[in-house]
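Asker: Provided herewith is a single structure, encoded as structure tokens, for subsequent inquiry.
The values are calculated or read from the model by the stated rules, or taken from the named source; none is laboratory data. Values in this document were obtained by computation on a predicted structure and should not be read as measured data. No Cβ is skipped: glycine too gets one built from the backbone with ideal geometry, and neighbour counts run over all protein chains shown.
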Amino acid sequence: MARILITTDYLTAGDEIDTLLRRHGHEPVYSPYTGPREPADRETLFNGVDGAILASEPVTGNMLTDTARLKVLARSGVGYDSIDVPAATALGIRVCNAPGTNHHSVAELTIGLVIMAARRLAEVTTAVQQGRWPRGAGHELRGSTLGIIGYGPSGRATAQIGAALGMTVQVSTSHPDADDPAVHFTDLDTVIRNADYLSLHTRAGHSTRRLIDGPRLQTMKPTAVLINTARGSLVDEDALAKALRTGTIAGAALDVLENEPLPLNSPLRGLDNLTITSHLAGQTAQARTRAALAAAHAIIDVLAGREPDHPVDR
């Protein structure tokens, strides 16, 4: 019987994934990821297990040494930049993810954050709770420009909703779709410069680390709002905090951060023109089910000697 570690916090004993794994002869064991682990716990996390369904916690090469039984790591999500894939591959450990499972959820939250910013909903609801009754003018989305960086599934879904709302959609991507008449494909700097709402949907990596930095923030409209539901590493948070404080841009909404949860000493704290949510973009009941099933089937396939549907290591 193979032992399967599960760190995704919404997966629990007796649920659909637990039942599926047990039906295939595997034994799930649980160690939910709710924040940074103690060093000793990190070093022994994969001891004695054959596979793991993982949340977005960091998995370093050091954590994978002395794990002779470990055969497969499966992310219950799309991003896998938290895993040292080369180190895993060198040790013969397969790495898989769950693409196409949460892009509708991500797009819906992205547009929700755009609407919040346009109508200043976070500020208004707080004021009402405090006994005030603000009635300042917001902005219609129709006629404004939605800039999108990255045109994978979530970027594409966000573009479709934006276009349906009457927004002009400009996209920077290395994979333009000339058959989409609602989208204008152009270069990165043009998208950043023209956007009223700039939404990030590109992958994290060395080439995109702090893609939105001080100089690029300076080129944005002073009325623009930055939206990030992709990866925290895409934004230089110090530069963003400065831009928000000085009025270089009007606002920002972040669902992802470079360090999660938000550190107490983060420069992003105390900013009235910033909304931060707790990495919720893909966290709908439907997306969770699809992602967890994809991860479980990857575990089952690899341990049965079959090629998984979504490997990221080859």
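Asker: I want to confirm something. Restricting to segment 215-242 and keeping residues that are among the small types (Gly, Ala, Ser) and buried (at least 23 other Cβ atoms within 10 Å of the Cβ), which single residue is farthest from THR158 (Cα to Cα)?
Answerer: Filtering segment 215-242 for residues that are among the small types (Gly, Ala, Ser) and buried (at least 23 other Cβ atoms within 10 Å of the Cβ), the one farthest from THR158 (Cα to Cα) comes out as ALA224.
Asker: Ok, one more. Out of ASP84, ASP66, report the one residue that is in contact with a Ser or Thr (Cβ under 6 Å, 6 or more places away or on another chain), without any contact (Cβ under 8 Å) to a residue 40 or more places away in the chain and farther than 30 Å from ASP196 by Cβ.
Answerer: That would be ASP84, the only listed residue that is in contact with a Ser or Thr (Cβ under 6 Å, 6 or more places away or on another chain), without any contact (Cβ under 8 Å) to a residue 40 or more places away in the chain and farther than 30 Å from ASP196 by Cβ.
Asker: Does GLY162 satisfy being at pLDDT 95 or above, under 27 Å from GLY205 (Cβ atoms), assigned by TED's automatic domain parsing to the domain that holds ARG203 and touching a strand residue (DSSP E or B) at 6+ places or on another chain (Cβ under 8 Å)?
Answerer: yes
Asker: Something else now. ARG306 fails exactly one of the following numbered conditions: (1) loosely packed, with under 14 Cβ neighbours inside 10 Å; (2) part of a loop (DSSP other than H, G, I, E, B); (3) touching a residue at least 12 places away in the same chain (Cβ under 8 Å). What is the number of that condition?
Answerer: Among (1) loosely packed, with under 14 Cβ neighbours inside 10 Å; (2) part of a loop (DSSP other than H, G, I, E, B); (3) touching a residue at least 12 places away in the same chain (Cβ under 8 Å), ARG306 violates only (3).
Asker: Considering only residues that are hydrophobic (A, V, I, L, M, F, W, C) and in contact (Cβ under 8 Å) with a residue 40 or more places away in the chain, which ones fall in segment 103-117?
Answerer: Once the filter is applied, which keeps residues that are hydrophobic (A, V, I, L, M, F, W, C) and in contact (Cβ under 8 Å) with a residue 40 or more places away in the chain, segment 103-117 yields VAL106, ALA107, LEU109, ILE111, LEU113, VAL114, MET116, ALA117.
For every residue, the table says whether it meets (1) assigned to a loop (DSSP other than H, G, I, E, B); (2) surrounded by fewer than 23 Cβ atoms within 10 Å (Cβ to Cβ); (3) more than 22 Å from the chain's Cα centre (by Cα).
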position	(1), (2), (3)
ASP18	no, yes, yes
GLU27	no, yes, yes
ARG42	no, yes, yes
LEU45	yes, yes, yes
GLU57	yes, yes, no
ARG69	yes, yes, yes
ASP81	yes, yes, no
GLY100	yes, yes, no
MET116	no, yes, no
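Here's the yes/no breakdown for (1) within 14 Å of the chain's Cα centre (by Cα); (2) free of Cβ contacts under 8 Å to residues at least 12 places away in the same chain; (3) at negative phi:
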{"site": "GLY247", "(1), (2), (3)": "no, no, no"}
{"site": "LEU264", "(1), (2), (3)": "no, yes, yes"}
{"site": "ARG269", "(1), (2), (3)": "no, yes, yes"}
{"site": "THR277", "(1), (2), (3)": "yes, no, yes"}
{"site": "THR289", "(1), (2), (3)": "no, no, yes"}
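Asker: Ok, one more. Just the residues that are outside any loop (DSSP other than H, G, I, E, B), small (Gly, Ala, Ser) and surrounded by fewer than 19 Cβ atoms within 10 Å (Cβ to Cβ), please, taken from segment 83-98.
Answerer: Hits for segment 83-98 are ALA87, ALA90.
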